[in-house]
Structure formats: structure tokens, C-alpha cells
Amino acid sequence: MEEKVVMAGFGGQGIMAIGKILAYAGMMEGKNVTWMPSYGPEMRGGTANCSVIVSDEEVGSPLISKDGTSAIVMNLPSLEKFENELVPGGKLIINKSLINVEPKRKDLKVYYIPANELAMEAGSGKVANMVMLGAYLEVTKTVDFESALKAFVEVFGEEKSHLVPMNKEAMAKGAEAIRKHK
């Protein structure tokens, strides 16, 4: 198994956080991982992105260039920028709360998730990223949900562990949206 995922959205949408969570969860499960953030002007409201590779084998390069197996896109600029980074048949998980167009490519498996609305149902608009992570994990099964929740505490520390129930609910809502999507 080798999963190459690009995650992208506006700066402040928690893209780097879910990338770290996925990478930590993969490590906790004994898999080989890379996490490659992209910093720069995106920290001031532009497009932020990171790539994560989770593999049973050694990872040769942390770069994803036209060979991504999945993408999580939280906004329209991210869709426009990253849909072409996927292989044919790749999985594209779109935040339909902020994206009201279809991707140009017709050779992808596309999942539309109302992440912002589901996040509000889970308790806070700030967990839209976790809704999308839950949807992604339901589609790909890259790591277990429980590993991702344990990784949440690793990434954010024990002082944020009180936020685990809300984030677990957000992930569950994303997974449920995928099950309804099928």
C-alpha cells in the first residue's frame, strides 16, 4: 500500500494539522510516512497545502508530482491547482460548502462533502478539516480512525485532548457522508 495525498485549502483551515495527524497516525501504525508542508504567502490567507505519503514500503521521495492517489481540497483555488496532480482514477474529496463547480477532469473518483455544515453540526466550524479527514479515511482506509484520534493528541498535546470528542464526531460525520455518497 502506498497512499500519496495532497491536502489544500486557505491558510487557517487546518490543512497542515490534518496532514500531521495523518502522518503521525501512519507512524503509530508502523508505516513509512512523509509530511511535506508548503509555507509562504499562504499563511496570510492564500492557498496552504501539504503532501503526505503513507506506505508499507520505504518512501523514495516526499514529492508528489502528477502521481497523487488522493486529494483533499477545501476551496476553489485548491481544486484548480491540484486536480492535475492526481493519477487517473485518483480520489478527489471536495468541500462542497465552498466549491460549487465540478472538476475539469472526468477520470477521477470525486466525493462532495458539505464540510462546513457538518462541522457546525459537530460543534464548531473549525473542525471542517476533521470532517474532510474522516471522509478521506473512509474512502482510503489509509489508517484507522482510532490511530488518527490518538495522533490528534500527539500533534496538539494533552492540553487539547478535551477537543477529541468534537473532532471524533467531525470525523464520523465525514465518514458518514461518504457512506451516503456511495
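Throughout, read-outs are computed from the coordinates displayed, never taken from laboratory work. Because the structure is a prediction, the values reported are computed rather than measured. So basically every Cβ, Gly included, is an ideal-geometry build from the backbone, and we count neighbours across all protein chains shown.
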Checklist outcome for this item: Ranked output for segments 87-94, 98-105, 2-9 by mean other Cβ atoms within 10 Å, highest leading, reads 2-9, 87-94, 98-105
Next on the checklist: So for each of 26-35, 58-67 I average, over its residues, the number of other beta carbons within 10 Å; can you give me the resulting order with the highest mean first?
Outcome noted: 26-35, 58-67
Checklist entry - Where the centroid of each part is defined by its Cα atoms, how far is the stretch 131-167 from the stretch 1-20 in Å? => result 13
Checklist outcome for this item: Sequence order, the stretch 145-159: Karplus ³J(HN,Hα) from phi using 6.51 cos²θ - 1.76 cosθ + 1.60, θ = phi - 60°, Hz rounded, Gly and Pro as x, gives 3, 4, 5, 5, 5, 5, 5, 3, 5, 4, 6, 9, x, 4, 5
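So, by mean Cβ neighbours within 10 angstrom, what's the order for 116-122, 161-167, 69-75 with the highest one leading? Show your work: numbers first, answer last.
Values: 116-122: 19.6, 161-167: 15.0, 69-75: 26.0.
Order by mean packing, descending: 69-75, 116-122, 161-167.
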Item to check | Cα-centred dipole magnitude for the stretch 134-182, charges only on beta-carbon of K, R (+1) and D, E (-1), debye, nearest 20 | outcome: 340
Checklist outcome for this item: Partner aspartates and glutamates whose C-alpha sits under 17 Å from that of LYS66, ignoring same-chain residues fewer than 8 away, are GLU2, GLU3, GLU80, GLU83, GLU85, ASP107
